1. Can you give the Kirkwood hydrodynamic radius of region 86-150 from its Cα pairs, in Å with one decimal?
2. Just the number, please: Stokes-Einstein D of region 1-74 in µm²/s, Kirkwood Rh from C-alpha pairs, 37 °C, 0.692 mPa s.
3. Would you grab the residues whose amide H sits under 5 Å from the one on S75? Only those 5+ places off in sequence or on another chain, please, with H modelled 1.01 Å from N.
4. In terms of the ratio Rg/(2.2 N^0.38 Å) built on C-alpha atoms, what value belongs to region 56-97?
5. At a Cα cut-off below 28 Å, give the lysines reachable from K3, other chains included and same-chain residues fewer than 8 away excluded.
6. Can you tell me the Rg and Dmax of the chain, counting just the alpha carbons, in angstroms?
7. So, counting K/R as plus one and D/E as minus one, what does the shell of residues with Cβ under 11 Å around S127 add up to?
8. Per residue, how much accessible surface does region 13-59 expose to a 1.4 Å probe? Answer in Å², no decimals.
Amino acid sequence: MTKREILAQYSWKHDGDWAKIAQALRTHEPLERRYECGNYITIYDDLYPPQLRALRHPPWVLFYRGNPELLKRPSAAVVGSRKLTEYGEWATERCTELLADQFVIVSGLAKGADGAAHRTAIAMRGSTIGVIGCGMNVRYPRENEYLYRR
């Protein structure tokens, strides 16, 4: 296996736990089984976002669906409350409208501002990157299922 394949395997085995993956790399921990990892980018790859490399503990592996080439384009993060007021929703939509023609919109896929940012960018035929913290196979919140598929 290549070093990036090994890194992806450790990431699956240890559920993304940064410290456990680091320990596995240091000790060359044996892998008893192979995990189906799907599409991924590792910290070893050129496509890995430089903004993440700058973190003290950057994610070792980014699992993805969709177009990883979006990572090369200029991006703008749009985040906010999960409990949006009417004004907050308007402000999120307006902000996204102003940004979506020049930037890939990056946000979580949570309720509230995150979902509003993705919906607005998609409606404008813009591109988005949804950052999820609960795993590729978990659809939370259910109300944003459409956004996961997009």
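1. Values: mean 1/r = 0.0849 Å⁻¹.
Radius from the Kirkwood sum: 11.8 Å.
2. Here the translational diffusion coefficient equals 254 µm²/s.
3. V104
4. Details: Rg = 14.7 Å, N = 42, 2.2 N^0.38 = 9.1 Å.
Ratio of Cα Rg to 2.2 N^0.38 Å: 1.61.
5. In chain and number order, the partners are K13, K20, K72.
6. Gyration radius and largest Cα-Cα distance of the chain: 17.1, 54 Å.
7. So the surrounding residues net to +1.
8. 72 Å²
The values are calculated or read from the model by the stated rules, or taken from the named source; none is laboratory data. Nothing here was measured: the structure is a model prediction, and the numbers come from that model. Using ideal geometry, Cβ is built from the backbone for each residue, glycine included, and neighbour counts are taken over all protein chains shown. These area figures cover heavy atoms from the full protein model, side chains too; ligands, DNA and RNA do not enter into them. Shrake-Rupley method; radii C 1.70, N 1.55, O 1.52, S 1.80 Å.
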